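See structure below.
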Amino acid sequence: MNKKSNILFISEVAVFSALAYLLDLFCGILSLKIWPQGGSISIAMVPIFIMAYRWGIKGGLLTGFILGLLQFILSFTQIYQIIQGIIDYFIAFTVVGFAGVFARQIKLAFDKGNHRTWVTYTVFGAFIGSLLRYIAHVISGAIFFGNYAPKGQPVMIYSLLYNGTYMLPSFVISAIIVVLVIRALPKKMLIQEN
C-alpha cells in the first residue's frame with residue numbers, strides 16, 4: 001500500500017471501529033439487560049463486515065480488534081476475569097473480521113452485476129464471522145459462566161443456547177444490513193485495492 005492508501009486505511013479502521021462501538025452501546029441499551037451474563041442483539045458487526053469486504057481480512061481483523069479493545073476498556077462491568085474478557089472481547093470481535101476471506105469474490109461478482117453471487121458471498125462471510133464470534137462466546141460461557149446453567153443441564157448446552165439467543169438474531173440482522181449497504185454503495189467504494 002502507498003502512503004495515501006495507508007492513511008485512508010487507518011482512518012477508516014478508526015471511524016468504523018468507533019461506529020461499531022457506538023452501535024453496540026446503543027443496542028446494548030435497547031436490549032434492556034435481557035442477558036444477565038452479557039450479550040445483546042447488536043449490529044456492531046456491520047462496520048466490521050464492511051471493513052472486511054472493503055479491505056479484506058486485515059481490515060476486518062483490525063476493526064474487530066479495536067472494537068474489542070474499546071469494549072474491554074470501556075465496558076468493565078461485563079468482565080469478570082481477565083481471560084474471560086480477552087476471549088469475549090478481543091478474540092470474539094477480532095475473528096468477525098475473517099468475513100473478509102470473501103472480499104475479492106464479492107467485488108468481482110459486484111463488478112459483473114451478478115447480484116445473487118455477491119449477496120451469497122456477503123451472507124456467507126457474515127455467517128463465518130458470526131460463527132467464529134459465537135464459538136468464542138460459547139467457550140467463554142462454558143468455562144466462566146457454567147455455574148449459571150440450570151441444575152441438571154450440561155454446561156456446554158447452556159452456553160450454546162444462551163449465546164445462540166443473541167448471536168443468531170445479530171447475524172441475521174447484520175447480514176441484511178450489510179447487503180443493503182453494499183447495494184447502496186457506488187462500485188468504486190466497495191473494496192480498496194491492496
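Which angle between 0 and 90 degrees, to the nearest 10, do you get for helix 115-144 versus the longest principal axis of the chain when only C-alpha atoms count?
30
Got a sec to turn the phi values of the stretch 4-15 into Karplus ³J(HN,Hα) couplings, 6.51 cos²θ - 1.76 cosθ + 1.60 with θ = phi - 60°, whole Hz, x for Gly and Pro?
4, 5, 4, 5, 4, 4, 4, 5, 5, 4, 4, 5
Filter the trypsin sites (Lys or Arg not before Pro) in the stretch 2-74 to those in DSSP coil with at most 11 other Cβ atoms within 10 Å of their Cβ, and list the result.
Filter output for the stretch 2-74: 33.
How high is the relative contact order of the stretch 94-194, in percent, counting Cα pairs under 8 Å that sit 6 or more residues apart?
Once divided by the residue count of the stretch 94-194, the mean separation gives 29 percent.
Heavy atoms only, probe 1.4 Å: what % of the accessible area of the stretch 56-156 goes to carbon and sulfur, would you let me know?
It is 72 percent, rounded to a whole number.
Compute, for the chain, the length of the dipole vector about the Cα centre, with Cβ point charges of +1 (Lys, Arg) and -1 (Asp, Glu) only. Units Debye, rounded to 20.
560
Let's test this: bin the Cα-Cα distances of the chain at 10 Å from zero up to the farthest pair and state each bin's percent.
Percent of Cα pairs in each bin: 10, 37, 33, 15, 5, 0.
Measuring from label point to label point, each 7 Å out along Cα→Cβ, what is the residue 57 to residue 3 span in nm?
3.0
Go through 118-130, 148-160, 102-114 and give me the packing order, highest mean Cβ count within 10 Å leading.
Ranking the peptides 118-130, 148-160, 102-114 by packing returns 118-130, 102-114, 148-160.
Any idea how many Lys pairs in the chain come in under 28 angstrom at the alpha carbon, given 8 or more places apart or on separate chains?
Close lysine pairs under the 28 Å cut-off: 18.
The values are calculated or read from the model by the stated rules, or taken from the named source; none is laboratory data. All figures in this text were calculated on a predicted structure; none of them were measured in a lab. Note that we place each Cβ from the backbone using ideal geometry, even for glycine, and neighbour counts take in every protein chain shown. Note: areas computed on protein heavy atoms with side chains; ligands, DNA, RNA excluded. Shrake-Rupley method; radii C 1.70, N 1.55, O 1.52, S 1.80 Å.
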